[in-house]
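Inspection log for the structure reproduced underneath, given as structure tokens.
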Amino acid sequence: MNKVLQHVVTAAAAATALVGGLALTASPAHAALPDYSCGTVVSADSTTATQLNGVLTGSLRNAMTAYRVSCARAIINTVRSRGLSERAAVIAITTSIVETTLRNNPNQEDHDSVGLFQQRASWGSFDQRMNPTWSTNAFLDAMLRKYPNNSWQSAQIGAVCQAVQVSAYPDRYQVQAPDAQKIVNALFAANRPVFEASSANGWQNLPTGITGSSGVAAMSINGTKYVYTLVNGSVYEASSANGWQNLPTGIGGASAVAAISVGTTKYLYTLVNGGVFEASSANGWQNLPTGVTGASALAAMSVNGAKYVYTVVNGSVFEASSANGWQNLPTGIGGASAVAAISVGTTKYLYTLVNGGVFEASSANGWQNLPTGVTGASALAAMSVNGAKYVYTVVNGGVFEASSANGWQNLPTGIGGASAVTAMSVGTTKYLYNS
């Protein structure tokens, strides 16, 4: 089903085609027709396209347009309407990137395939396949049939795409998955709030007043809680001392955020265009590049005043520290999609997601990977309280807790619809934030 699409839009074809799924006077099998609409293109789509052009690295590098954003939004809205997790949206967007570079293409350039997913005539009528909602639902239906019992949550994204599409080029999907995730991060976040839960309050969700967030981080200093989140690529700060007022940090174009404190100094880390940047309350939140490129995930910790930052580059986890001049040090973990880090005394613990499973490594054990028994995970956080380690992850929109004290048993927290999670402690009270 995969094709290299080359449009030659003639004036005659443009005159005979009505965009938006209406009747055609020329046969779609022979006409060179313009792309069909995916829905109304709004002014914010241009802003989103510009933002994404700064971070995409695959086929759509510097190629996002307001139209393509509208097509991605149509796919994502269909996924959301079915109550499926963001991973389903990433799978669908990955497929459309490969098949049509996120265009609703009516031209039958490879047999009788058309639409966002280049679906053959056996899938449905021409009008059905050109309808973004219908075609996305058809794709999702096929995915759910081929991966029953939510097994698609833990399978490799490219493998799921290929199972549905049965392409002659199966290797083309997985390489586009990181860009698909970035697109979903930018669009799935609409009206998404940040919630707080604590062990002292039975994990009751408490809105912080932040909406449209796409990532979350937290720290505490002398009992004051600070929460950070991303809204349209900008980092915002809220604190328990300031009534959760959103405070811009001056960082733009961010795709991930992490936060730590060293004494009373706050340190903030973000990803911008695949590079890791550091800002601190002592330096007026000036962005300081760390020398990492191509990064796609972020975590940080401090041990005895030394700062450690972790990021994922091409599935491998790298460490940088203030003591070692931010030299990237591979940890031996491959295939990672997320990372979290904590310290217990002077021992560092690192957690990663590999194919939907959570793995643990420690500086005391030569960074040996230890599976925790979690599957289908899509986000990651960790904290330590009095020497006990706690790990949090998101599975099908629910947040789960595992601890070293409880044999890594998964404990649901009662939070649903989550896409990101972070954790911190104030004394012995655990605080969990998700968006």
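The values are calculated or read from the model by the stated rules, or taken from the named source; none is laboratory data. Not measured: the values here are computed from a predicted model. All Cβ positions, even for glycine, are placed from backbone atoms using ideal geometry, and neighbour counts span all protein chains on display.
General remarks:
- C71 meets the stated requirement of being in a helix (DSSP H, G or I) and either in the same structural domain as A121 (by TED's automatic domain parsing) or under 13 Å from T101 (Cα atoms) (or both).
- Residue selected from segment 285-312 under the condition outside any loop (DSSP other than H, G, I, E, B) and modelled with pLDDT under 80, by the criterion farthest from T352 (Cα to Cα): L288
- Against the conditions (1) part of a strand (DSSP E or B); (2) modelled with pLDDT under 75, K348 satisfies every one except (2).
- Members of segment 162-174 that are part of a helix (DSSP H, G or I) and either of a type in the set (G, A, S) or under 15 Å from the mean Cα position of the chain (by Cα) (or both): A163, Q174
- Residues satisfying the stated conditions in segment 36-54, i.e. surrounded by 14 or more Cβ atoms within 10 Å (Cβ to Cβ) and outside any helix (DSSP H, G or I): Y36, S37, C38, G39, V41, G54
- So V98, is it at pLDDT 95 or above, assigned to a helix (DSSP H, G or I) and of a type in the set (V, I, T): yes
- Residues within segment 46-93 that are within 18 Å of C161 (Cα to Cα) and among the hydroxyl-bearing types (S, T, Y), tallied: 3
- All positions within segment 148-175 that are touching a helix residue (DSSP H, G or I) at 6+ places or on another chain (Cβ under 6 Å), surrounded by fewer than 20 Cβ atoms within 10 Å (Cβ to Cβ) and of a type in the set (S, T, Y): none
- The combined condition, being under 29 Å from T293 (Cβ atoms) and touching a Leu at 6+ places or on another chain (Cβ under 6 Å), is not fulfilled by S46.
- Any hit, segment 352-359, residues being over 22 Å from the mean Cα position of the chain (by Cα) and either surrounded by fewer than 17 Cβ atoms within 10 Å (Cβ to Cβ) or at pLDDT 75 or above (or both): no
- Of the residues making up segment 137-155, those that are closer than 25 Å to S337 by Cα and not hydrophobic (A, V, I, L, M, F, W, C) are K146, Y147, P148, N149, N150, S151, Q153, S154.
- Scanning segment 111-150 for residues that are in a loop (DSSP other than H, G, I, E, B) and within 19 Å of A163 (Cα to Cα) yields a total of 14.
- Within segment 223-247, the set of residues being at pLDDT below 80 and touching a helix residue (DSSP H, G or I) at 6+ places or on another chain (Cβ under 6 Å) comprises G233 only.
- Verdict on Q181 being within 17 Å of the chain's Cα centre (by Cα), assigned by TED's automatic domain parsing to the domain that holds C71 and part of a helix (DSSP H, G or I): yes
- Filter result for A323 (modelled with pLDDT of 85 or more, hydrophobic (A, V, I, L, M, F, W, C) and surrounded by fewer than 17 Cβ atoms within 10 Å (Cβ to Cβ)): no
- Entry remark, segment 67-86: residues being surrounded by fewer than 24 Cβ atoms within 10 Å (Cβ to Cβ) and modelled with pLDDT of 95 or more number 1 in total.
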